[in-house]
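Heads up: the structure comes next, in structure tokens.
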Amino acid sequence: MLTLLSPAKSLDYESRLPTRKYSQPRLLDEAAALVEVMRGKSVADLAALAGISDELSALNALRWAQFSLPFTPRNARPAVLAFDGDVYRGLAVRDRFGERDFTEAQKTVRILSGLYGVLRPLDLMQPYRLEMGTRLATERGPRLYDWWGPTITAMVRDDLTASPGAEVVVNLASAEYFGAVQPSEWGARVISPRFEDTDPRGRRSVVSFYAKRARGELAAWLVLNRVRTPGALRQFEGAGYRYDKAASSPDTPVFVRSFNDRVGYDSP
């Protein structure tokens, strides 16, 4: 089984690292070529591409300018410890993972990235902001999807073949990132869990903030429990969620949490 995650906009390059393990991104040459494209953009260009403020654009222009090879633990950090958004706070590897868990995650978790293509959790990365859905014109086409083309699909397929357990992809990535791959070429079953919360009146819906945290919770649970079969997903009960058989389909398991069971979560 292989678990797919999206990256995060928020980054952490300050906190203490709980492991010394690291690896090199496997598509670093492709990433370096993209960096050269981004270095040619002005602050105003970057603001327009990402829909962000001039202040954030200036920060990202500085990041592109400072990008340098080779990657070492002195100028980069493992992806799973650099991303700091809601999914990664749900994953909480600093609190949960030991050395063997990082090793397990390296085998079974992949992070789709606009800059690095496909990252393993321990792959070093330097800070960036480049969303997969960006309409970035390159020699390969008008969108970032065109840049990556079949490359990341093939890499996930190869990793899936090498991962332990059945050929199953647990898709915990956002639609923007999952849209960059062609799952029909994997010859694998794709399972996309759905997380719903009830409000005080009992109405159910997907709340983005909570769903992102829950994806991280599930990703951590899969690693920590060395889950190898899709049927085991029904046992997940992280952060108060419970499997709802009646609402689920084989490839879309639904997990529901009542308003009173929001344990360990802050309000959005």
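Overview of results
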| quantity | calculated |
| --- | --- |
| Qualifying residue in region 182-189 (condition: over 20 Å from Ala8 (Cβ atoms) and part of a strand (DSSP E or B)) | yes |
| Any hit, region 45-60, residues being closer than 30 Å to Pro193 by Cβ, surrounded by fewer than 18 Cβ atoms within 10 Å (Cβ to Cβ) and among the acidic types (Asp, Glu) | no |
| Qualifying position, being at pLDDT 95 or above and assigned to a loop (DSSP other than H, G, I, E, B), among Arg110, Arg16, Arg94 | Arg16 |
| Selection from region 56-109 of residues that are in contact (Cβ under 8 Å) with a residue 12 or more places away in the chain, out of contact with any Leu (no Cβ under 7 Å at 6 or more places or on another chain) and acidic (Asp, Glu) | Asp86, Glu99, Glu104 |
| Leu17 hydrophobic (A, V, I, L, M, F, W, C), exposed (fewer than 15 other Cβ atoms within 10 Å of the Cβ) and in the same structural domain as Thr151 (by TED's automatic domain parsing) | yes |
| Any hit, region 136-148, residues being assigned to a strand (DSSP E or B), in contact (Cβ under 8 Å) with a residue 40 or more places away in the chain and aromatic (Phe, Trp, Tyr) | no |
| Of all residues making up region 57-87, the number that are over 22 Å from Gln24 (Cβ atoms) and either within 21 Å of the chain's Cα centre (by Cα) or not in a helix (DSSP H, G or I) (or both) | 4 |
| Of all residues in region 182-197 being more than 19 Å from Pro230 (Cβ to Cβ) and buried (at least 16 other Cβ atoms within 10 Å of the Cβ), the one that is farthest from the chain's Cα centre (by Cα) | Asp197 |
| Scope region 172-221; condition among the charged types (D, E, K, R) and either outside the structural domain of Asp244 (by TED's automatic domain parsing) or touching a Leu at 6+ places or on another chain (Cβ under 6 Å) (or both); matching residues | Arg215 |
| Residues of region 20-44 classified as surrounded by 15 or more Cβ atoms within 10 Å (Cβ to Cβ), basic (Lys, Arg) and within 20 Å of the chain's Cα centre (by Cα), total | 1 |
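The values are calculated or read from the model by the stated rules, or taken from the named source; none is laboratory data. Values in this document were obtained by computation on a predicted structure and should not be read as measured data. Here Cβ is always computed from backbone atoms with ideal geometry, including for glycine, and neighbour counts include all displayed protein chains.
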